[in-house]
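Undergrad: Here it is, the structure, as structure tokens.
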Amino acid sequence: MRSCRDITALVSQGLDKQLSLGERLAIGVHVMMCSRCRNFQSQAHFIRTTAHTYLERLQDESEKKS
Ligand SMILES: [Zn+2]
């Protein structure tokens with residue numbers, strides 16, 4: 001089983017791009033057993049839908065710096 005760190009990273013990536021079937025399965029299996037990552041996932045989706053514009057602005061800023 002993947003670590004919580006892997007799963008939270010995958011969930012974050014999944015907000016920006018389409019994950020592979022294997023990645024989505026790994027998240028699905030993990031969050032069934034891990035309430036911490038389940039909370040992270042629901043918060044991540046909440047943040048995405050409510051503050052998407054804000055996050056995009058943050059990404060623009062970090063792209064300018066790099
Ligand atoms: Zn976990």
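The values are calculated or read from the model by the stated rules, or taken from the named source; none is laboratory data. Here the structure is a predicted model, which means the values were calculated and not measured. Methodologically, a virtual Cβ is constructed for each residue, glycine included, from the backbone with ideal geometry; neighbour enumeration extends over all protein chains shown. Only protein heavy atoms, including side chains, enter the accessible area calculation; ligands, DNA and RNA are left aside. Shrake-Rupley method; radii C 1.70, N 1.55, O 1.52, S 1.80 Å.
Undergrad: Summing Lys, Arg as +1 and Asp, Glu as -1, what charge do residues with Cβ under 15 Å from the Cβ of THR8 carry, THR8 excluded?
TA: Working: positive: ARG2, ARG5, ARG24, ARG36, ARG38, ARG48; negative: ASP6, ASP16, GLU23.
Charge balance near THR8 sits at +3.
Undergrad: What dipole magnitude, in Debye to the nearest 20, does the chain give about its Cα centre under +1 on Lys/Arg Cβ and -1 on Asp/Glu Cβ?
TA: With only Lys, Arg, Asp and Glu charged at Cβ, the dipole is about 220 debye.
Undergrad: Next question. Heavy atoms only, probe 1.4 angstrom, no DNA, RNA or ligands counted: give me ASP60, ASP16 ranked by accessible area, highest first.
TA: Per-residue accessible area, sorted high to low, gives ASP16, ASP60.
Undergrad: Also: Rank PHE46, PHE40 by accessible area, highest first, at a 1.4 Å probe radius?
TA: Descending order: PHE46, PHE40.
Undergrad: Which value at 222 nm does the chain reach when only helices count, each DSSP H run of 4 or more adding -39,500 (n - 2.57), with the total divided by all residues and rounded to the nearest 500 deg cm²/dmol?
TA: The per-residue figure over the chain is -27500 deg cm²/dmol.
Undergrad: Could you pull out every whole DSSP H run in the chain that spans at least 15 Å of Cα extent along its own axis and averages 0.5 or higher on the Kyte-Doolittle scale?
TA: 21-33
Undergrad: Still on this structure, I have one more. With every protein chain left in place and a probe of 1.4 Å, what is the accessible surface of ILE27, to the nearest 10 Å²?
TA: Roughly 10 Å² of ILE27 is accessible to a 1.4 Å probe.
Undergrad: Could I ask something else about it? Across 5 Å bins from 0, what is the distribution of all Cα-Cα pair distances for region 4-65, in whole percents?
TA: 4, 17, 26, 22, 15, 10, 4, 1
Undergrad: Taking only protein heavy atoms into account and a 1.4 Å probe, give the accessible area per residue of the chain in Å².
TA: The answer is 78 Å² per residue.
Undergrad: Compute the signed sum of charges (Lys and Arg +1, Asp and Glu -1) over the other residues within less than 14 Å, Cβ to Cβ, of SER62.
TA: Neighbourhood net charge equals -2.
Undergrad: For ARG57 and VAL29, calculate 0.36 nm times their separation in residues minus their Cα-Cα distance, and state this gained length in nm to one decimal.
TA: On the way: separation 28, 0.36 × 28 = 10.08 nm, distance 3.24 nm.
Length difference between fully extended and current span is 6.8 nm.
Undergrad: Quick one: pull the percent of accessible area on the chain belonging to carbon and sulfur, 1.4 Å probe, ligands and nucleic acids left out. Don't jump to the answer; show the numbers that get you there.
TA: Numbers: 2800 of 5120 Å².
C and S atoms contribute 55 percent here.
Undergrad: While we're looking at this one, here's another question. Quick one: order ARG57, ARG2 from most to least accessible surface, probe 1.4 Å.
TA: Details: ARG57 150, ARG2 110 Å².
Output order, biggest surface exposure first: ARG57, ARG2.
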